[in-house]
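Asker: Let me give you the structure first, and then I'll get to my questions.
The values are calculated or read from the model by the stated rules, or taken from the named source; none is laboratory data. It should be emphasised that the depicted structure is a prediction, and the values quoted were computed from it without experimental measurement. FYI the Cβ positions are ideal-geometry reconstructions off the backbone, even for glycines, and counts take in every protein chain you see.
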Amino acid sequence: MSLTYLDAIREAQAHALRDDPRVFIYGQDVGAFGGAFKATKNLAREFPGRVLDAPISEDAIVGLAVGAAIEGLRPIVEMQFADFSTVGFNQIVNQAATLFWRTQVPCPITVRLPFGGTSGAGPFHSQTPEAIYAHFPGIIVVTPATVEDAYSMLLEAVAIDDPVIFCEHKLLYRHLKANALPTEALPIGKARIARQGRDLTVVAYSAMVQDALEAAVELAAEGWEIEVVDLRSVKPLDTDTVIASVARTGRLLCVGEAWPWGGVTAEVVARVMTEGFGLLDAPPQRLNAKDTPVPFHPNLWAAHRPTVRAIAAAARKILRQ
Amino acid sequence: MLQAVTELCSETAEVARESHLAAFRCMLRARLLDDKLAALYRAGKIHGGVFLGRGQEALSAAVGVSLNKTDVFAPLIRDTAGRLAFGEPVLDAVRTYLGSALGPMRGRDGNVHRGTPRTGLLPMISHLGAMVSVVNGMLFARRLNRVTGTVGAACLGDGATSTGAFHEALNQAAVEQLPLILVVANNQYAYSTPTERQFACHDLVDKAAGYGVESHAVDGTDLTECLRTMSLAVGRARAGGGPQLVVAQLLRLCGHAEHDDGAYVDPRLKNSALGRDCLKVAREILLRRQWAEAHQMDEVWREEAVGEIDQAIALVQREPAPDPFAEEWTALSTRHLIEGQE
């Protein structure tokens with residue numbers, strides 16, 4: 001049996017719907033059509049009345065989810081593309097994220113964001129807004145990089161009593177495969193050592209973990225042993241695992257597909273500098289997308305985000321220091 | 001037959017009398033509470049803004065009186081009367097305004113941003129129109145949970161009808177046929193912006209047709225009209241008639257908040273029928289119908305309300321303020337996911 005990252009997301013939702021009568025799914029085209037990416041394929045048929053098409057109203061979609069959560073339900077919202085979540089931004093960061101703090105009533109909503117660039121998708125179907133959501137208090141932001149994590153973290157997200165932004169990378173949907181669904185998993189909040197090494201720590205998350213692993217293979221041929229840390233969740237951020245890795249390697253490269261100003265890579269570097277400065281043998285580096293909207297043309301798109309080659313080149317530079 | 005009709009009429013009259021009396025007493029308590037809060041603000045005892053419902057009490061009280069305790073209510077900034085009618089204790093208002101650690105918001109939010117979601121009373125965020133879809137969600141969840149017979153009311157002003165949130169939520173309620181009553185108090189100004197700079201339709205009530213929902217226009221200065229309209233709209237929603245848009249015409253008889261003297265309000269509006277004080281109008285109605293005596297309204301009920309309010313303020317002024325050293329500085333309910341904690 002071969003399962004894709006997308007299958008895992010679909011299966012996790014089926015599992016959640018089956019096990020918990022409080023779960024329902026709400027989003028554009030998620031019903032009979034099964035979602036723009038088919039992440040809810042057949043779920044409306046299997047779970048009548050619990051997988052519902054929404055009007056193109058991201059603000060009201062999230063608002064409805066918050067209201068349902070107040071009544072004790074556990075809504076899963078699918079944003080058709082992460083980019084459109086900006087229309088629901090107010091409800092996410094001001095309504096959902098503050099509800100528990102204001103009222104002591106928890107807000108267990110999961111907002112799925114199909115995010116990240118794919119060639120040809122252009123500036124409004126490619127964004128990676130994880131850092132914006134992570135910036136606001138009261139929100140959990142997860143970025144699974146494997147089929148297993150896509151499954152287990154989505155199930156955990158639904159069970160969490162706080163709003164969870166679930167960033168699922170569109171590039172991984174059909175590209176990543178696994179043999180079976182996991183039976184056990186690391187909890188949200190724990191990073192994972194995706195590859196062990198002793199010369200350099202590369203911290204990455206979501207699709208960039210795969211690129212970092214490929215770069216590590218390339219560098220291994222040159223004799224370098226690269227350790228790759230998969231953050232898994234960007235908020236909470238598992239600083240301990242990152243620092244422990246830097247303690248082993250003395251060098252840090254942080255890779256993200258998002259824009260360079262601020263963001264997850266800046267946060268990781270800031271934490272390592274303030275909490276693990278003495279562990280570093282070279283200045284830590286960041287590698288991000290270029291500071292422009294995500295371009296449409298494949299030539300431009302491929303050069304906009306960090307590539308395997310760019311990661312390897314950045315790593316060599318640090319390793320030579 | 002004639003006797004049956006007479007009995008029915010007297011029964012309806014009795015219901016009307018009861019609802020008028022209940023609404024009037026909430027209007028009176030709200031006016032006195034608002035006045036007291038304004039005085040405390042001017043005395044420097046209240047941190048942050050104070051928002052009054054002066055001129056909007058009849059509509060607001062009618063909303064609260066028309067709802068059951070098991071319904072959902074999302075008041076806005078001028079709904080002291082509606083809140084009291086829905087059952088919010090005076091103490092919750094005073095505690096939130098004075099920042100008591102014992103209040104529902106524990107000093108984390110203040111003034112009109114208070115509520116207890118589990119009792120159906122939603123605490124508004126400042127973004128206008130944003131509470132409507134939350135009410136939708138509660139009604140939607142109840143339908144999913146097969147809870148029947150409850151409705152939800154959300155209050156807005158004329159300004160909020162310009163927001164995307166208003167549009168999205170009303171359309172959503174219509175698509176889902178939710179028992180939502182959307183009550184728009186057109187008080188002629190959104191802060192300082194007059195309605196001609198807010199919308200270009202003839203009347204906000206005309207918007208209902210575009211959403212496929214039922215609509216009701218009402219004179220917001222007339223308690224009888226407000227009660228009749230709200231009772232009808234709530235009844236329609238409860239009976240499965242889908243969302244109801246109620247638009248009341250009235251005038252805000254104060255500034256936007258207590259820092260604002262409302263000098264921009266057109267004196268012609270103040271002198272028009274819209275500028276009538278709904279509390280005085282309601283008092284006249286009760287006198288005319290001989291449902292209450294002047295002595296009862298002006299002295300007995302007033303003194304009762306003043307006593308209740310003074311007692312609440314005296315109590316809250318002795319209550320502890322929130323302590324930053326005892327404060328739990330986290331916005332998450334999931335303890336193991338709080339950064340820096342295991």
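Asker: Which residues, counting only those in the stretch B:117-136, are surrounded by fewer than 18 Cβ atoms within 10 Å (Cβ to Cβ), outside any loop (DSSP other than H, G, I, E, B) and more than 7 Å from every other protein chain (Cβ to nearest Cβ)? Can you show your working first?
Answerer: Let us first name the residues in the stretch B:117-136 that are surrounded by fewer than 18 Cβ atoms within 10 Å (Cβ to Cβ), namely B:118-119, B:126-127.
Restricting the remaining residues to those that are outside any loop (DSSP other than H, G, I, E, B) gives B:118-119.
The one that is surrounded by fewer than 18 Cβ atoms within 10 Å (Cβ to Cβ), outside any loop (DSSP other than H, G, I, E, B) and more than 7 Å from every other protein chain (Cβ to nearest Cβ): B:T119.
Asker: So if I check each of A:A270, A:A266, which one is closer than 29 Å to A:V158 by Cα and either within 14 Å of chain B (Cβ to nearest Cβ) or within 18 Å of the chain's Cα centre (by Cα) (or both)? Lay out the reasoning, then the answer.
Answerer: Details: A:A270 fails: closer than 29 Å to A:V158 by Cα.
When all the criteria are applied, what remains is A:A266.
Asker: Among (1) assigned by TED's automatic domain parsing to the domain that holds A:P283; (2) closer than 29 Å to A:I92 by Cα, there is one condition A:F166 misses while meeting the rest; what is its number?
Answerer: It is condition (1) that A:F166 fails.
Asker: A further question on this structure: Sort out for me the helices (runs of 4 or more DSSP H) sitting completely within the stretch A:42-118 that have 2 or more residues that are within 13 Å of chain B (Cβ to nearest Cβ) and under 13 Å from A:P163 (Cα atoms).
Answerer: Details: elements: A:43-46, A:58-70, A:97-103.
Ranges flagged: A:58-70, A:97-103.
Asker: Moving on to the next point. List pairs: first residue in the stretch B:328-339 and facing chain A (nearest Cβ under 8 Å), second residue among the polar types (S, T, N, Q) anywhere in the structure, Cβ distance under 6 angstrom, at least six positions apart or on different chains.
Answerer: Sorted first by the residue in the stretch B:328-339, then by its partner, the pairs are B:I338/B:T330.
Asker: If you don't mind, another one. Checking B:R114 against (1) outside any loop (DSSP other than H, G, I, E, B); (2) more than 8 Å from chain A (Cβ to nearest Cβ); (3) free of Cβ contacts under 8 Å to residues at least 40 places away in the same chain, which test does it fail?
Answerer: Single failed check for B:R114: (1).
Asker: Take the residues in the stretch B:62-78 that are under 9 Å from the mean Cα position of the chain (by Cα) and surrounded by fewer than 24 Cβ atoms within 10 Å (Cβ to Cβ), then tell me which one is nearest to B:V134 (Cα to Cα).
Answerer: Among those that are under 9 Å from the mean Cα position of the chain (by Cα) and surrounded by fewer than 24 Cβ atoms within 10 Å (Cβ to Cβ), it is B:L76.
Let's see how each residue does on (1) in a helix (DSSP H, G or I); (2) farther than 30 Å from B:H259 by Cα; (3) small (G, A, S):
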site	(1), (2), (3)
B:A13	yes, yes, yes
B:E18	yes, yes, no
B:A22	yes, yes, yes
B:L33	yes, no, no
B:A58	yes, no, yes
B:L84	yes, no, no
B:V94	yes, no, no
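Asker: Buried (at least 18 other Cβ atoms within 10 Å of the Cβ) and either over 21 Å from A:A313 (Cβ atoms) or among the aromatic types (F, W, Y) (or both): is that true of A:A215 in this structure? Show your work before the answer.
Answerer: Details: buried (at least 18 other Cβ atoms within 10 Å of the Cβ): yes; either over 21 Å from A:A313 (Cβ atoms) or among the aromatic types (F, W, Y) (or both): no.
It is false that A:A215 is buried (at least 18 other Cβ atoms within 10 Å of the Cβ) and either over 21 Å from A:A313 (Cβ atoms) or among the aromatic types (F, W, Y) (or both).
Asker: What pairs come up if the first residue lies in the stretch B:169-194 and is away from every other protein chain (no Cβ under 14 Å), the second is aromatic (F, W, Y), and their beta carbons are under 6 Å apart, counting only those six or more places apart or on different chains?
Answerer: From residues that are away from every other protein chain (no Cβ under 14 Å), the pairs are B:S192/B:Y264.
Asker: When you look at B:R142, is it within 20 Å of B:A233 (Cα to Cα), without any contact (Cβ under 8 Å) to a residue 12 or more places away in the chain and not aliphatic (A, V, I, L, M), yes or no?
Answerer: Working: within 20 Å of B:A233 (Cα to Cα): yes; without any contact (Cβ under 8 Å) to a residue 12 or more places away in the chain: yes; not aliphatic (A, V, I, L, M): yes.
For B:R142, the condition - within 20 Å of B:A233 (Cα to Cα), without any contact (Cβ under 8 Å) to a residue 12 or more places away in the chain and not aliphatic (A, V, I, L, M) - is met.
Asker: Then there's this: Among strands (runs of 3 or more DSSP E) lying entirely in the stretch A:160-275, which contain 3 or more residues that are under 17 Å from A:V142 (Cβ atoms)?
Answerer: Numbers: elements: A:164-169, A:192-195, A:200-204, A:226-230, A:233-235, A:252-255.
Where strands (runs of 3 or more DSSP E) fall fully within the stretch A:160-275 and carry at least 3 residues being under 17 Å from A:V142 (Cβ atoms), they are A:164-169, A:233-235.
Asker: Mind listing whichever residues of the stretch B:269-300 are part of a helix (DSSP H, G or I) and within 18 Å of B:G53 (Cβ to Cβ)?
Answerer: B:L269, B:K270, B:L274, B:G275, B:C278, B:L279, B:K280, B:V281, B:A282, B:R283
Asker: Which residue, of B:L139, B:L144, is within 13 Å of chain A (Cβ to nearest Cβ), within 18 Å of A:L73 (Cβ to Cβ), surrounded by fewer than 24 Cβ atoms within 10 Å (Cβ to Cβ) and in contact with a helix residue (DSSP H, G or I) (Cβ under 8 Å, 6 or more places away or on another chain)? Full working, then the answer.
Answerer: Working: B:L139 fails: surrounded by fewer than 24 Cβ atoms within 10 Å (Cβ to Cβ).
Matching residue, one of B:L139, B:L144: B:L144.
Asker: Go over the candidates B:A160, B:A185, B:A165 one by one and state the one that is more than 16 Å from the chain's Cα centre (by Cα) and of a type in the set (A, V, I, L, M, F, W, C). It would help to see each step written out before you state the result.
Answerer: Working: B:A160 fails: more than 16 Å from the chain's Cα centre (by Cα); B:A185 fails: more than 16 Å from the chain's Cα centre (by Cα).
None of the others qualify; the one that does is B:A165.
Asker: On to the next question. Can you confirm whether A:A32 is surrounded by fewer than 22 Cβ atoms within 10 Å (Cβ to Cβ), of a type in the set (A, V, I, L, M, F, W, C), away from chain B (no Cβ under 14 Å) and more than 21 Å from the chain's Cα centre (by Cα)? Lay out the reasoning, then the answer.
Answerer: Numbers: surrounded by fewer than 22 Cβ atoms within 10 Å (Cβ to Cβ): yes; of a type in the set (A, V, I, L, M, F, W, C): yes; away from chain B (no Cβ under 14 Å): yes; more than 21 Å from the chain's Cα centre (by Cα): yes.
For A:A32, the condition - surrounded by fewer than 22 Cβ atoms within 10 Å (Cβ to Cβ), of a type in the set (A, V, I, L, M, F, W, C), away from chain B (no Cβ under 14 Å) and more than 21 Å from the chain's Cα centre (by Cα) - is met.
Asker: Another one. Is there a residue in the stretch B:262-281 that is at pLDDT 95 or above, in contact with a helix residue (DSSP H, G or I) (Cβ under 8 Å, 6 or more places away or on another chain), surrounded by 20 or more Cβ atoms within 10 Å (Cβ to Cβ) and away from chain A (no Cβ under 14 Å)?
Answerer: The answer is yes, given that some residue of the stretch B:262-281 is at pLDDT 95 or above, in contact with a helix residue (DSSP H, G or I) (Cβ under 8 Å, 6 or more places away or on another chain), surrounded by 20 or more Cβ atoms within 10 Å (Cβ to Cβ) and away from chain A (no Cβ under 14 Å).
Asker: While we're here: For the stretch A:43-69, which positions are out of contact with any strand residue (DSSP E or B) (no Cβ under 7 Å at 6 or more places or on another chain) and buried (at least 24 other Cβ atoms within 10 Å of the Cβ)? Steps first, please.
Answerer: Going through the stretch A:43-69, the residues out of contact with any strand residue (DSSP E or B) (no Cβ under 7 Å at 6 or more places or on another chain) turn out to be A:45-49, A:53, A:55-60, A:63, A:66-67.
Passing the criteria: A:E58, A:D59, A:A60, A:G63, A:V66, A:G67.
Asker: OK, next. Does A:A244 satisfy the condition of being on the phi < 0 side of the Ramachandran plot and surrounded by fewer than 24 Cβ atoms within 10 Å (Cβ to Cβ)?
Answerer: On the way: on the phi < 0 side of the Ramachandran plot: yes; surrounded by fewer than 24 Cβ atoms within 10 Å (Cβ to Cβ): yes.
Taking the combined requirement at face value, the residue satisfies it.
Asker: If you don't mind, there's one more thing I want to ask. Touching a strand residue (DSSP E or B) at 6+ places or on another chain (Cβ under 9 Å), surrounded by fewer than 18 Cβ atoms within 10 Å (Cβ to Cβ) and not small (G, A, S): is that true of A:K170 in this structure? I'd like the intermediate steps shown before the answer.
Answerer: Values: touching a strand residue (DSSP E or B) at 6+ places or on another chain (Cβ under 9 Å): yes; surrounded by fewer than 18 Cβ atoms within 10 Å (Cβ to Cβ): no; not small (G, A, S): yes.
No, not satisfied.
Asker: Could you list, in sequence order, the residues of the stretch A:187-210 that are within 14 Å of chain B (Cβ to nearest Cβ) and either in contact with a Lys or Arg (Cβ under 6 Å, 6 or more places away or on another chain) or crowded, with 24+ Cβ neighbours inside 10 Å (or both)? Steps first, please.
Answerer: In the first step, residues of the stretch A:187-210 are kept if they are within 14 Å of chain B (Cβ to nearest Cβ); the result is A:187-191.
Result: A:I188, A:A191.
Asker: Right, another one. Looking only at the stretch A:108-125, decide whether some residue is over 22 Å from A:L6 (Cβ atoms), touching a residue at least 40 places away in the same chain (Cβ under 8 Å) and surrounded by 24 or more Cβ atoms within 10 Å (Cβ to Cβ). Step through it out loud before you land on a result.
Answerer: Here is the first cut: in the stretch A:108-125, the ones over 22 Å from A:L6 (Cβ atoms) are A:108, A:123.
Restricting the remaining residues to those that are touching a residue at least 40 places away in the same chain (Cβ under 8 Å) gives A:108, A:123.
If we keep only those that are surrounded by 24 or more Cβ atoms within 10 Å (Cβ to Cβ) as well, we get A:108.
Scanning the stretch A:108-125, I find at least one residue that is over 22 Å from A:L6 (Cβ atoms), touching a residue at least 40 places away in the same chain (Cβ under 8 Å) and surrounded by 24 or more Cβ atoms within 10 Å (Cβ to Cβ), so the answer is yes.
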